[in-house]
Structure formats: structure tokens, C-alpha cells
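What follows is calculated from the coordinates using simple rules that are stated; it is not laboratory data. Everything quoted here is computed from the prediction, not taken from an experiment. Cβ atoms come from the backbone with ideal geometry, glycine included; neighbour counts cover every protein chain shown.
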Amino acid sequence: MNEFELIDRLRPGLPGNDTTLVGAGDDCAVLDPGLPGRWLLFKTDAVVEGIHFEPSTDPARIGHKALARCLSDVAAMAGTPTHAVITLALPSPFDPARVEGIYAGLNALAARHRVAIVGGETTTNPERLLISVALLGTVPRGRCPLRSGARAGDVLLVTGTLGGAVRSGRHLDFEPRLEEARWLADQFEVHALIDLSDGLARDLRQILKASGVGAELWAEAIPISPAARTEPGARAAAGWPAPLVAALTDGEDFELLFTLPATRAGEVEAAWAARFDRLPLSRIGRIRAEPGLVVRDRDGVRPLTLDGYVHFQQP
Ligand SMILES: [Mg+2]
């Protein structure tokens, strides 16, 4: 059983209530507690030593990453983050300077996005450091793009470049695409939106599954990061070249993947280039009514059998 099968098993038993608009299964929960004009977003995420960072990682970068992952999920709802609480599980004995360093990273990123850190919890974990962040945010009522909104005929667009984030260290320093996502949802009819945490292939499949559609990716349009082009460890797989495999399957890119009507794509690209001239936006494929994920390249169209990152897998 892997983490996704475990989540699928647990989800049906989770209680909801009459203020729950979207429960488990999207990037954030969407709640309606009666705020004028806004819905509430709610999210939690954890990073663990040895998995998401190393014992030698600069503490400020650990703190940055712990909060940035949650902020990226709020970006995936086109929302604005507002308040966080932090749970730290510390090995014993712990180094106070390391904890202060982690908070320096948390505080700096929170301050840049006007997120208040309003409390937390410290506990012990004998083996390794764990940081869990719970985050609140808001989004204008009715203006929250979900994973389930993709429609046949939409185009697929992605920000930035993909692959090699762990090897290059970018997974510790990335900037969540909050401003970009809000701008997109404000100006355009974004049908579906997700942030890329587990690799393009896997995260796109989440949109396809939630929306009940399929997709065709265009191999030559996928923006491959410089790190993925040069990764010494990257290997070709299933007949695809190594850099493309990295861009399709490496985790922790934290870019935005979204769909919108094909008729608007040119307009979105022109407006994007004028507004965010340092961040590329790439049109990488289209949503189809037929289920499944296929890739088109010079040789034709083939099903994509590769998948992305899975946190755990056990027999
Ligand atoms: Mg996400």
C-alpha cells in the first residue's frame, strides 16, 4: 500500500459538517464559516529530517521550506495565506541555535507574505527533527479553482521549469507562486489548478482523476530545468530521454499547473509575459474527453506509464 492508497482508504470515513465545502482531496480544505465575501482555506503539511531535508541543511532553509510548502498549497487554491501555527518535534538533546535558525527562515517568509505565526507546539521525537505547519488562508467566495474543474478542450499550462529541484537545492529555496495564482484566477477563467509537489505526471493525474478527463502532453513543450538537463544521476526510462523523465517525475518543483479554455490561451500568455517577465509560462498539452494520459512527440502519441514521487510504499 502506498500513501495515496492509504489516503483513499481513510477519506470516506472522515466526518464533515455543513460548513465544509471541500474536504480532504484538494490542495487545501475550503470552508464557509460565514465570512463576508470570503471562504476559508485550511492546510497542514510536515517536513521530516532525512526525507525533506538533511541533518546538515542550513536551518533557515529548513524553516523556509516547511512554510513554503503550505503556502504553495494556498497558491494552488488562488488564495491568500493569513495565519500559521507551528509544531516542532525536537530530538533530545536539541540545539537552541538550530531552532532559532529554523524560526529565522519561517519568520522571514511569513513576514514577506503577511502571514502571522500565532502559536504552536513543541514536543520531542528522539530520532529526528520534524516540523509541521498548519495554515489558514482565504479566497474570494466562488473564485477558488479546484482540481476537479478541468474540461475537455482546455489547454494545460505550467509555470517555471521542471525537474532536478532536490539535486539543485531549489526545493529548499523556492518561492510559492501566490501572487501569480491570484493574478491568474482574478483575470481569467482558470478551470483547474494544482501546485506540483510530486512530479508533473503524478500531479496532472490528480487533476485528471478529480475532473474525470484525460490529457495529452506535448513532449517538446515541457519546460525542462537546467538542473534536469545536466543531472548526472538521471536515467532514461520507458524510451524517454533522461531530462524529460526528470521533468515529468521529479518532485518538489512547486510550480503551478492549470487548465483554462483553449480560446483564451494566447491572451493569457501575452498578459503573463507582460506581468511576470522573469517566470516562463508554457503551454504543455491539452485536456481530452478520453481518459488516460498520453505524450505526443516527433514519433507520435504514446501512453505515459511513468509516475512521480511516492513518499512511502510497502507491500
Ligand atoms: Mg499541493
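Laid out as a table, the results:
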| item | result |
| --- | --- |
| Mean Cβ count within 10 Å, highest first, over the residues of peptides 27-36, 183-192 | 183-192, 27-36 |
| Distant-in-sequence amide H partners of H191 (H built 1.01 Å from N, under 5 Å) | T259, L260 |
| Point-to-point label distance, D297-L6, nm (Cα→Cβ direction, 7 Å offset) | 3.4 |
| Potential extension, I51-T263 segment - 0.36 nm per residue separation minus Cα distance | 72.1 nm |
| Share antiparallel - DSSP beta bridges, the chain, percent rounded to 5 | 75 |
| Mean projection area, nm², convex hull over Cα of region 180-315 | 9.5 |
| Potential extension, V118-A271 segment - 0.36 nm per residue separation minus Cα distance | 51.4 nm |
| Residue-averaged [θ]222 nm for the chain, counting only DSSP H segments that reach four residues, each worth -39500 (n - 2.57) | -8500 deg cm²/dmol |
| Amide H contacts of A116 (H built 1.01 Å from N, under 5 Å, at least 5 apart or other chain) | H83, A84 |
| Kyte-Doolittle mean at least -1.0, axial Cα span of 18 Å or more - DSSP H helices of the chain | 59-75, 96-112 |
| By average C-beta atoms within 10 angstrom, highest first, the peptides 204-216, 286-298 | 204-216, 286-298 |
| Distance (nanometres) between label positions extended 7 Å along Cα→Cβ at L14 and R235 | 3.5 |
| Peptides 127-137, 8-18, 240-250, 274-284 ordered by average Cβ neighbours within 10 Å, highest first | 240-250, 127-137, 274-284, 8-18 |
